[in-house]
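Data first, discussion second: the structure below is written as structure tokens.
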Amino acid sequence: MKPAVLFLCTGNSARSQMAEALLRSEAGDRFDVYSAGTDPQGINPLSVEALKEIGIEIGDQRSKHLSEYLGKIAVTYLIIVCDRADRECPTAWPGAFTRLVWPFEDPAACQGDHAERLAKFRTIRDEIRDKIKTWLADLPQEP
């Protein structure tokens, strides 16, 4: 059984969705990857667009409330990707071995035209991808 990683955010529309897709792309063979939000808002189309640009399709993902997973799956790594979710989600997660907080700026809060907003999503996508790659490199290797 693969260790489970759950990315949590407020709306489960941008940061956590991108993190789920990016980790699945980078190491889906090593982890079961999920995402959820404290107040799900649906997937932001700019998240889909920013990921599609780098060859990642997320058509099978959907925005979910954290209650879909709380107490239902054993989460090896609970990774919170926004400050608000860090304040709102339970500090103790049944079955979670490691709780990490990686606060990223909310790209959905960016104002401007489509190009300006997409640029922000690209920036956050790349920051999340870099953080995931660093985290994976720092994890102990399994025997």
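No lab work stands behind these numbers, since they all come straight from the coordinates. Just so you know, these numbers come straight off a predicted model, no measurement behind them. Cβ: placed from backbone, ideal geometry, glycine included. Neighbour counts: every protein chain shown.
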Taking only C-alpha pairs under 8 Å that are 6+ residues apart, what is the relative contact order of region 4-137 in percent?
30 percent
Helix-only [θ] at 222 nm, the chain, -39500 (n - 2.57) per DSSP H run of 4+, per residue, nearest 500, equals -11500 deg cm²/dmol
Determine the gain in length on full extension of the stretch A74-L139; use 0.36 nm per residue of separation and subtract their C-alpha separation, reporting nm with one decimal.
21.5 nm
Per-selection Kirkwood Rh - the chain (Cα, Å, 1 d.p.)
15.1 Å
Scan around D32 for amide H atoms under 5 Å from its own, H built in the peptide plane at 1.01 Å from N, and keep only partners 5 or more places away or cross-chain.
A4, V5
In terms of Cα to Cα distance under 12 Å, which aspartates and glutamates are near enough to K131, apart from those fewer than 8 places away along the same chain?
E26
State, to one decimal in nm, how far the label point of T123 lies from the label point of R30, with both points 7 Å from Cα in the Cβ direction.
2.9 nm
Gyration tensor verdict on region 1-83 (Cα atoms; rounded if a/c is under 1.5, prolate if a/b is larger than b/c, oblate otherwise)
oblate
Would you mind checking the pairs K72/K133; K52/K72; K2/K133; K2/K64 and listing those with alpha carbons more than 26 angstrom apart?
K72/K133; K52/K72
Considering the chain as a Gaussian network with a 10 Å cut-off on Cα pairs, which listed residue, K133, K120, K64, attains the greatest mean-square fluctuation?
K133
